[in-house]
Amino acid sequence: MKTDTIEKEIKYKKKMAWDNLDEGLRKRAFEFCEDYKKFITDAKTERETINKILDLSKKANFKDGELYKEGDRFFFVKHKKIMALVRKGKKRAKEGLSIVVSHIDAPRLDLKQNPLYEDVDLCMLRTHYYGGIKKYHWTAMPLSLHGVIIKKDGSVVELSIGEKLEDPVFTICDLLPHLSHKIQDEKKLKEAIEGEKLTLMAGSIPLSDKNAKERVKLNILKILNERYGLIEEDFLSADIEIVPAGAAKDVGFDRSMVGGYGQDDRVCSYSNLKAIMDSEDPKRWTVALFVDKEEIGSDGNTGAKSRFIEYITSKILAIDGEENPQSIIMDTLMQSRALSADVNGGVNPNYQEVHEKQNAAFLGYGVCVTKFTGNGGKYSASEASAEFMGWIRKLFNKHGVTWQTGELGKIDEGGGGTVAKFLSYYGMDIIDCGVALLGMHSPFEVASKLDIFETYRAYKTFFEADW
């Protein structure tokens, strides 16, 4: 056998997505990412993401599945932080569902329940970080406040401060390098900034009454009361998140990448949303699932560990005419197939040593399929079978989806997990499939536009497939 034949037909070689897409598809990819940038700019919290998905799905003729049983497109929302979009297929639902699950939460800072305090004549806000952050990332940058406050009388105040050009922003002031030698520079990076010191600057003008105590804090409370009708106790019943201020942007001279906050995992959530809306003639009942709390273990009533997937399945079976849906929920889920739509870590040119590059993901090489997750000896992992991996491989190749495989770093370097293991609990086949990111969990993550588009194409192809 000739060498060139071995090279072309036998040897495995990853392919850059840019080489596989013609000009028409490249143009579509760039257009796709224009809408995507707007999505992640507008949707910076779980509530905002759910509201955005709900708005876009209604425009695509999805109806409230709690109210309607007629039709072929439905949505289900619970607790304003978890939802599913469902489309009817040609086969009966009990024969198995096609599920793509993505998470809508992202690492951030949350305001503490009692956040306001005054020190050295400055009003500050105490925070509690959420998820796996590098604390130094969140200092010396403009930050915005997003969330809801339930007032004493039960009325709701929605906040979004710091995104408009005319808005003020908030910030966490770092220590100047002239004085940081002992208190920061000699410590380990993860210890240099303490969680309790991630406090936001909220104001510096005192109340005019010079005899009052905590005059700056009182003035801020006065402003909040005049503007929003708030009293300090109202913070006890609030969900307020601190996120980077500003819009998602193109990155690079060639504008080939997207930079912005929350791409883990809203890049997959947006692709999931668009894929279920755009999929043509689905053979199976399809479910785009959007869950919360992945970054802190998927616990709670809005996480993947909740019984929301069982609830949705029972609703689908009822709509499909099953008289006793509860009795066949487990059978249905056992026969289902799913993609865990989550990101992977791309190889950073400055830190290549943490990857085993033969089995790592690269920006610009298409959607990343991750056969197994976990850490070390595959602890806390979900691993797809060879058969399911083979089916995915054949499906993507048949439809011209550019894809790659990738592990999250060297074996002993670290690792991570996704919601895949919580859906695999039901016995369904599931595999991780998503975008490779640089700067994952930072306030400004970077993704390739081609990878984003190929991820959308992968999910759409999966939704349209049968088995």
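Here are the numbers for the structure shown:
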item: Lys222 under 17 Å from Pro115 (Cα atoms) and not in a strand (DSSP E or B); result: yes
item: Given (1) surrounded by fewer than 18 Cβ atoms within 10 Å (Cβ to Cβ); (2) modelled with pLDDT of 95 or more; (3) under 25 Å from the mean Cα position of the chain (by Cα), index of the condition Gly366 fails; result: (1)
item: Condition broken by Val86, with the remaining ones in (1) out of contact with any Ser or Thr (no Cβ under 8 Å at 6 or more places or on another chain); (2) part of a strand (DSSP E or B) satisfied; result: (1)
item: Candidates Asp4, Asp72 - the one that is among the charged types (D, E, K, R) and either without any contact (Cβ under 8 Å) to a residue 12 or more places away in the chain or closer than 22 Å to Val267 by Cβ (or both); result: Asp4
item: Pairs with Cβ under 8 Å, 6+ apart, first in the stretch 379-390 and more than 17 Å from Gly414 (Cα to Cα), second part of a helix (DSSP H, G or I); result: Ala384/Ile392
item: Residues of the stretch 311-370 that turn out to be touching a Pro at 6+ places or on another chain (Cβ under 7 Å) and either of a type in the set (Val, Ile, Thr) or more than 25 Å from Asp292 (Cα to Cα) (or both), as a count; result: 1
item: Single residue of Asp292, Asp265, Asp342 found to be at pLDDT below 95 and surrounded by 24 or more Cβ atoms within 10 Å (Cβ to Cβ); result: Asp265
item: Selection from the stretch 7-34 of residues that are free of Cβ contacts under 8 Å to residues at least 12 places away in the same chain and either surrounded by 13 or more Cβ atoms within 10 Å (Cβ to Cβ) or not in a loop (DSSP other than H, G, I, E, B) (or both); result: Glu7, Lys8, Glu9, Ile10, Asp19, Glu23, Gly24, Lys27, Glu31, Glu34
item: Every residue from the stretch 316-327 that is among the β-branched types (Val, Ile, Thr) and either at pLDDT below 95 or over 27 Å from Ile431 (Cβ atoms) (or both); result: Ile319
item: Subset of the stretch 95-149 [in a strand (DSSP E or B), of a type in the set (D, E, K, R) and in contact (Cβ under 8 Å) with a residue 12 or more places away in the chain]; result: Arg108, Asp110, Lys112, Glu118, Arg126
item: In the stretch 150-166, the residues that are in a loop (DSSP other than H, G, I, E, B), under 26 Å from the mean Cα position of the chain (by Cα) and in contact (Cβ under 8 Å) with a residue 40 or more places away in the chain; result: Gly162, Glu163
item: The one condition in (1) free of Cβ contacts under 8 Å to residues at least 40 places away in the same chain; (2) surrounded by 11 or more Cβ atoms within 10 Å (Cβ to Cβ) that Val169 fails to fulfil; result: (1)
item: Options Glu464, Glu445, Glu413: the member that is among the charged types (D, E, K, R) and in contact with a Ser or Thr (Cβ under 7 Å, 6 or more places away or on another chain); result: Glu464
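Condition check ((1) more than 23 Å from Thr402 (Cα to Cα); (2) outside the structural domain of Ile99 (by TED's automatic domain parsing); (3) not β-branched (Val, Ile, Thr)) across all residues:
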position: Val343; (1), (2), (3): no, no, no
position: Val347; (1), (2), (3): no, no, no
position: Tyr351; (1), (2), (3): yes, no, yes
position: Lys357; (1), (2), (3): no, no, yes
position: Leu363; (1), (2), (3): no, no, yes
position: Lys371; (1), (2), (3): no, no, yes
position: Lys378; (1), (2), (3): yes, no, yes
position: Glu383; (1), (2), (3): no, no, yes
position: Ala386; (1), (2), (3): no, no, yes
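Yes/no matrix, rows are residues, columns are (1) among the acidic types (Asp, Glu); (2) modelled with pLDDT of 95 or more; (3) more than 26 Å from Leu224 (Cβ to Cβ); (4) under 23 Å from the mean Cα position of the chain (by Cα):
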| residue | (1), (2), (3), (4) |
| --- | --- |
| Phe74 | no, yes, yes, yes |
| Ser102 | no, yes, yes, yes |
| Asp119 | yes, yes, no, no |
| His128 | no, yes, no, yes |
| Lys134 | no, yes, yes, yes |
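The values are calculated or read from the model by the stated rules, or taken from the named source; none is laboratory data. Since the structure is predicted, the reported quantities are computational estimates derived from the model, not experimental observations. Backbone-built Cβ (ideal geometry, glycine too); neighbour counts: all protein chains shown.
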